[in-house]
Every structure is written in structure tokens, then in C-alpha cells.
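Take this structure first; my questions come after.
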Amino acid sequence: MLGTSKTRMITADEALPGRDVALEVPDRHVVLGTPLQGPWPEGLEVMYVGMGCFWGAERIFWQTPGVHSTAAGYMGGWTANPTYQETCTAQTGHAEAVQVVYDPAQVSLETLLAAFWENHDPTTANRQGNDVGTQYRSAVFATTDAQLAAAEASRDQYQARLAESGYGQITTQIARASEAGDGQFYYAEDYHQQYLHKNPGGYCNHGFCQVGYAPAGA
């Protein structure tokens, strides 16, 4: 039964209970050398994205100039401080997510959203390639009005680009972070953080997909 239900989003009442104690994570980003957790320097902003497996997704953003810190975690569900094994059951409601902390004076939302859209398939609901389940859903969890508006506008723009090339409808969940599941971002286990830096030959199914995202005015 579990295998056949991984693409069905559970309710809060169905979610695993989780735990009160957060998983331990390192103090600093092993690539960028910046803190993995806030509080963040004044002027920085945070956005959360889901693009399937968080290993490759995190690398895309730590390689983006203007990004201060990234982290792999779980978001959009209800299980408090979930483990990876729990999230893989699809019984937490969480998506594998990446926390992107960035300086808007150095990198635009358009640049970040272009990296998001171009590097996964947003038209496959709860799936990226052979990775199937609600944990692999496409998502943008915004923390500001500007992020939410930009994400929605970029979805419409990219949908038009996809339609021109014969691709289907975008299934991406776009929501306020505070309104997605319990509203919390839970850090993944230490070994998931900057995984592809620690394991250069590790699994990654991210890369340029389908058609390019043309920023407004391009």
C-alpha cells in the first residue's frame, strides 16, 4: 500500500509524529564557509525551493554568485524534525527542499528563479525522473511578498515558453513558506548537507531541462 500511495499528499492528521529535538547539523557550509543556520546578516533574504532530490538542487544554488548560504532540508509537510527515512515514506508531507540565503543586491530573483525552472522538470507532478513521491514535488516557498509575486509571474512566463515547445502544464506548488504545511524548514542530516561536494560522483539528476527561461526584458 505504501508504495502505491507515495504520490498522494497526506493530511496533517495522517503525518508521522516526528520529534521535539532537531537533527544535528554542522555550523558552517563546507563550500561557502558561511553559517548553515541564521540569524542572517542584515539585508539578506531567504527562499526555499523543491526540485526533486535536494543533493543536486543545493549545488546549483551554492554555485550561484550572490548566494550566501544553502542547506538541504524538509519543508511543506507536518512531521516535526523528520528523518530522511521518514520523509522517503511520503508520510511526513514534506518535500526535499533547499534553503537559499541570498543577497538581493548581488543576485536577482529572476536569476534564482531561472536556475530553478531550467534545472528540473516542473511538469511532472510528484516526480523527477525515476524519483517518485510527494517528497520530490516541485515547489517554491516564499518568505516575502516580492518573492511570491515573482515566483507566480515566473511560472506564467515559463509556462508560455513550455507551451510553445509542446510541453505540459506546470505542477509547481507556489506558496508562502509560513502557509506550507506547518510552515517550518527542518534541516536534513549532516551527511546530506553539501552532499555532492563531499561525494563528487554522487547521484544527481539535475541539469538544463526542456527549454530556457527567458527573464523579463531579455
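The values are calculated or read from the model by the stated rules, or taken from the named source; none is laboratory data. Only a predicted model underlies this, so the values are computations on that prediction, with no experimental measurement involved. No Cβ is skipped: glycine too gets one built from the backbone with ideal geometry, and neighbour counts run over all protein chains shown.
Taking the stretch 151-198, which residues are under 27 Å from Thr34 (Cβ atoms), assigned to a loop (DSSP other than H, G, I, E, B) and without any contact (Cβ under 8 Å) to a residue 40 or more places away in the chain?
Once the filter is applied, which keeps residues that are under 27 Å from Thr34 (Cβ atoms), assigned to a loop (DSSP other than H, G, I, E, B) and without any contact (Cβ under 8 Å) to a residue 40 or more places away in the chain, the stretch 151-198 yields only Gly183.
How many residues are surrounded by 21 or more Cβ atoms within 10 Å (Cβ to Cβ) and over 22 Å from Asp121 (Cβ atoms) if we restrict to the stretch 44-67?
Number of matching residues: 1.
Could you give me the residue pairs with C-beta distances under 7 Å whose first residue belongs to the stretch 103-118 and is within 18 Å of Asn205 (Cα to Cα) and of a type in the set (Gly, Ala, Ser), whose second residue is modelled with pLDDT of 95 or more and crowded, with 21+ Cβ neighbours inside 10 Å wherever it lies, and which are 6+ apart or on separate chains?
Between residues of the stretch 103-118 that are within 18 Å of Asn205 (Cα to Cα) and of a type in the set (Gly, Ala, Ser) and residues that are modelled with pLDDT of 95 or more and crowded, with 21+ Cβ neighbours inside 10 Å, the close pairs are Ala115/Ile60; Ala115/Phe61.
Out of the stretch 19-43, which residues are surrounded by fewer than 18 Cβ atoms within 10 Å (Cβ to Cβ), in contact with a His (Cβ under 6 Å, 6 or more places away or on another chain) and within 25 Å of Thr144 (Cβ to Cβ)?
Thr34
Let me ask something else about it. Output yes when any residue across the stretch 55-63 is touching a helix residue (DSSP H, G or I) at 6+ places or on another chain (Cβ under 6 Å), touching a residue at least 40 places away in the same chain (Cβ under 8 Å) and among the aromatic types (Phe, Trp, Tyr), and no when none is.
Checked the stretch 55-63: at least one residue is touching a helix residue (DSSP H, G or I) at 6+ places or on another chain (Cβ under 6 Å), touching a residue at least 40 places away in the same chain (Cβ under 8 Å) and among the aromatic types (Phe, Trp, Tyr).
Looking at Gln91, is it free of Cβ contacts under 8 Å to residues at least 24 places away in the same chain and not charged (D, E, K, R)?
So Gln91 does not fit the description; no.
Something else: Of the numbered conditions (1) surrounded by 24 or more Cβ atoms within 10 Å (Cβ to Cβ); (2) under 23 Å from Asp182 (Cα atoms), His120 fails exactly one; give the number of that condition.
For His120, the failing item is (2).
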